[in-house]
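The values are calculated or read from the model by the stated rules, or taken from the named source; none is laboratory data. These numbers come from a predicted model, not from an experiment. Note: ideal-geometry Cβ built from the backbone for every residue, glycine included; neighbour counts use all protein chains shown. Just so you know, the surface numbers come from the protein's heavy atoms only, side chains and all, with ligands and any DNA or RNA stripped out. Shrake-Rupley method; radii C 1.70, N 1.55, O 1.52, S 1.80 Å.
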There are 2 protein chains.
Amino acid sequence: MLKAERHKYIMTKLIEEQKVVTTDLALALDLSEDTIRRDLNELDSKKLLEKVYGGAIQVIEKAVDVFNIDISAEDEKIKIVTKALSLLRDGQVIIMSGGSTNLVFAKLIPSDLKATIYTYSLPIAMQLSQHPNIDLIFIGGKMQKNAMVTIGMDVIQVLSKIKADICFIGASSINVKQGLTEIGYEVSIVKKAMIESSDRVVSMFSSDKLNTKMPHVVCELSQLDTIVTDLDPEDLRLEEYRKSGVFVL
Amino acid sequence: MLKAERHKYIMTKLIEEQKVVTTDLALALDLSEDTIRRDLNELDSKKLLEKVYGGAIQVIEKAVDVFNIDISAEDEKIKIVTKALSLLRDGQVIIMSGGSTNLVFAKLIPSDLKATIYTYSLPIAMQLSQHPNIDLIFIGGKMQKNAMVTIGMDVIQVLSKIKADICFIGASSINVKQGLTEIGYEVSIVKKAMIESSDRVVSMFSSDKLNTKMPHVVCELSQLDTIVTDLDPEDLRLEEYRKSGVFVL
DNA sequence: TTTAATAATGCAAAATAATGCATTTTTAAC
DNA sequence: GTTAAAAATGCATTATTTTGCATTATTAAA
């Protein structure tokens, strides 16, 4: 019996019975359980079924909901952004980049804060559109699909004409030598423009981003006014950053 | 019985009866209560149910989630927009307004369609950002909070520079005499600009919008090329519209 | 507070899975 | 056809997961 035949048999069986059991299949096909397991793993990796302990079940295609953004390590992020809330003042003009940390931040902005926020991130704009006292301006342009942010000249142009009091920048990577770096060129350019337009630059990120680097430089450490992490500001891992003159919150 | 099966059983039971009781499940499935408890805890941590003393209950819809847009009469809207899908072609430049009917439309655009879409609606942009073959351009500007669309001069300016093959306009109200009308002045202006920039104008709406009016005129009936409703194109209620030269889909 | 029910924890046995390796089968090139 | 490489298979070993039980802790209600 060919492997392909076996796979077909397994898939048929799976549809008939809603599930298959490794031991049963081994018996029915007169093969070792190892082989069956290898088959099931193979079919699983092709997403034709879902391997579970003892056998496999049908794939449940969960309707991909674009609007359901799940934030990894949300608790940690809440801890970070809560510290940054103290930087907010009524009347500020604020620029916010994308990223899930900033999204958590947007969620937690007190509802009585009166401010103007510019952003080029769809999820952040969605979130802020619920805020009663924030004037929200979305910076349009070509969408970078997966990150759900706009990029390109249109964005740079708008940013270059703004004068903001403070900007909140998500970080992909940061280290003492290169400063803030990004994986994507276009995003790095946009973030540069954000920094140019802001009196004060704040970057929030979790400590696992510390001492990592990506290909495209956004800015040197000295251009950041404040960094906010999950660590205690006195933590040793932040010492070098403190020394270089950045305020650590 | 596989663990995965059991979990499925528990979830089904939970939906049927609104709750499950540990002891009952142990009896029904012929397993120790410990195992059931472990199952319930596992499902709880996946947020599929809520473990309580003695069993589990359904998860309570958590606080209004911005990202959870619920579409009223979605089935009806699916019916409408499905008809409109036939108007799409590879290579088109498309403008889409906001509105839940257009959002449903965005969801159903075939994933192999290659097109460029301009929109100024956050939810629609979120939806389209998942589409693999669409170049998406968001038209930025000041956000109108509740509707989650941008409005104002910035939007008009961008629209005035586009030349689109087709635009899809949601409708608040339509009648034979005034044509398309809107409740908000700013939105009416934006829609006017959309129409100006498009070779072909399509409006999709449910039949209860027929023969109603709002304060701000968008355009006359004659400026619409196609209207798409839930009704049969031959329906008597659409007769006057057909007579006025609009193509009814 | 008391009491019975329910839950958490640690542990051991059993089932299932992963891994490395030897053997066989298949494939492809000469 | 021969032959070498690649793939598939089964086995032994080791690792992981699941499960039930005993024990202890917690909870809810009288």
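Quick notes on this one:
- Among the conditions (1) in contact with a strand residue (DSSP E or B) (Cβ under 9 Å, 6 or more places away or on another chain); (2) open to solvent by 10 Å² or more (accessible area, probe 1.4 Å); (3) farther than 25 Å from A:GLU74 by Cβ, the only one that A:THR212 does not satisfy is (3).
- Of all the listed residues (A:LEU128, A:LEU40), the sole one being in the same structural domain as A:VAL20 (by TED's automatic domain parsing), crowded, with 16+ Cβ neighbours inside 10 Å and farther than 22 Å from A:SER207 by Cβ is A:LEU40.
- Against the conditions (1) surrounded by 14 or more Cβ atoms within 10 Å (Cβ to Cβ); (2) out of contact with any Cys (no Cβ under 6 Å at 6 or more places or on another chain), A:VAL201 satisfies every one except (2).
- Candidates B:SER203, B:SER188, B:SER222 - the one that is assigned to a strand (DSSP E or B) and either touching a residue at least 12 places away in the same chain (Cβ under 8 Å) or of a type in the set (Ser, Thr, Tyr) (or both): B:SER203
- The combined condition, being in the same structural domain as A:LYS209 (by TED's automatic domain parsing) and either buried (at least 17 other Cβ atoms within 10 Å of the Cβ) or not in a loop (DSSP other than H, G, I, E, B) (or both), is not fulfilled by A:LYS51.
- The listed residues are A:VAL104, A:VAL81, A:VAL20, and the only one of them that is within 16 Å of DNA strand C (Cβ to nearest atom) and either touching a residue at least 24 places away in the same chain (Cβ under 8 Å) or open to solvent by 70 Å² or more (accessible area, probe 1.4 Å) (or both) turns out to be A:VAL20.
- Meets criteria (open to solvent by less than 60 Å² (accessible area, probe 1.4 Å) and within 16 Å of DNA strand D (Cβ to nearest atom)) for A:LEU14: no
- So A:ILE169, is it open to solvent by 20 Å² or more (accessible area, probe 1.4 Å) and among the aliphatic types (A, V, I, L, M): no
- Residue within the stretch B:229-236 that is in contact (Cβ under 8 Å) with a residue 40 or more places away in the chain, open to solvent by 20 Å² or more (accessible area, probe 1.4 Å) and on the phi < 0 side of the Ramachandran plot present: yes
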